[in-house]
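**Student:** Structure below; questions to follow.
The values are calculated or read from the model by the stated rules, or taken from the named source; none is laboratory data. From a predicted model like this one, the values you see are computed outputs, not experimental measurements. Cβ placement follows ideal geometry from the backbone for every residue including glycine, while neighbour counts extend to all protein chains displayed. Remember, those area values only see protein heavy atoms, side chains included, never the ligands or the DNA or RNA. Shrake-Rupley method; radii C 1.70, N 1.55, O 1.52, S 1.80 Å.
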Amino acid sequence: MPLVLALIGLLLVQPQPGTRLSDQQIDQVIAYARTGEGLGGVRCYASAAPGEHSESNAGFAVMLIGPGGRIFDAVKAAQAKGLTFTRAQVTAEMAAMTLVVVAYPEATTPDSSGSHDAPHPIGVIIRTVGPQRIVIAPRSTEQVRGAMPTSGPGVRAVFAYQDFARIHLGDVEVVVLAGQAERVCTIDSTARASIR
């Protein structure tokens, strides 16, 4: 069973918006991670809209991860090193009721001048799909180093779960802002509901 779907069952009792996972929820995620497989988040590829022409048609690898996914990944990283991971090692940032979105340009081959044509991301927003476009802005945004030597710098945006309370549980678009261009990927309602 994929992690994102399994965590739905583990995190049935949601904490109040703006808080952190409870100790019980943390223990459930750690217990599941000890035997579960996969990665602790949802991934998509943000690309240009069909027919859009810009200086670069390169897109972005995007990862969305909530507190359950961050703890799951920390347990898996500890296991890979032969270590045990416990609730005492869970940081406030890991357990915070936030959604972290990281977007990196796809790896590109340098041109004859040695530069890469990947766009430089400057921000991320999330918006609903459908006739009523509600936009959710991040609480913070920062530039991050490229995921690989052949990719340019990325962007990391932190969204508060409480900001999602005002929108329906349908599909959402993750929009990576790169200069005047937008690169978009859609997270369907099932994947969105599973981000814990």
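**Student:** Enumerate the pairs (first residue in region 23-39 and touching a residue at least 24 places away in the same chain (Cβ under 8 Å); second residue anywhere and among the aromatic types (Phe, Trp, Tyr) and open to solvent by less than 50 Å² (accessible area, probe 1.4 Å)) with beta-carbon separation below 6 Å, excluding pairs fewer than 6 apart on the same chain, so at least 6 apart or on different chains.
**Tutor:** The qualifying pairs are 29/72; 33/72.
**Student:** Within the bounds of region 6-13, is there any residue that is touching a Leu at 6+ places or on another chain (Cβ under 7 Å), assigned to a helix (DSSP H, G or I) and modelled with pLDDT under 85?
**Tutor:** To start, the set of residues in region 6-13 that are touching a Leu at 6+ places or on another chain (Cβ under 7 Å) comprises none.
No, every residue in region 6-13 fails to be touching a Leu at 6+ places or on another chain (Cβ under 7 Å), assigned to a helix (DSSP H, G or I) and modelled with pLDDT under 85.
**Student:** Which one is surrounded by the fewest Cβ atoms within 10 Å (Cβ to Cβ) among residues in region 81-95 that are touching a residue at least 40 places away in the same chain (Cβ under 8 Å) and farther than 11 Å from residue 30 by Cα? Spell out how you get there, then give the answer.
**Tutor:** So in region 81-95, the residues touching a residue at least 40 places away in the same chain (Cβ under 8 Å) come out as 85-87, 90, 92, 95.
Going one step further and asking which of them are farther than 11 Å from residue 30 by Cα, we end up with 92, 95.
On the way: 92: 7, 95: 22.
Of everything passing the filter in region 81-95, 92 is surrounded by the fewest Cβ atoms within 10 Å (Cβ to Cβ).
**Student:** Another one. Take residue 76 and tell me if it is basic (Lys, Arg) and either modelled with pLDDT under 90 or surrounded by fewer than 14 Cβ atoms within 10 Å (Cβ to Cβ) (or both).
**Tutor:** Working: basic (Lys, Arg): yes; either modelled with pLDDT under 90 or surrounded by fewer than 14 Cβ atoms within 10 Å (Cβ to Cβ) (or both): no.
Judged against the criteria, residue 76 is not a match.
**Student:** Would you be able to say whether some residue in region 114-124 is within 17 Å of residue 161 (Cα to Cα) and modelled with pLDDT of 95 or more? Explain how you work it out, then say what you get.
**Tutor:** Applying the first criterion (within 17 Å of residue 161 (Cα to Cα)) to region 114-124 yields 124.
Add one more test, that the residue is modelled with pLDDT of 95 or more, and what stays is 124.
Among the residues of region 114-124, at least one is within 17 Å of residue 161 (Cα to Cα) and modelled with pLDDT of 95 or more, which makes the answer yes.
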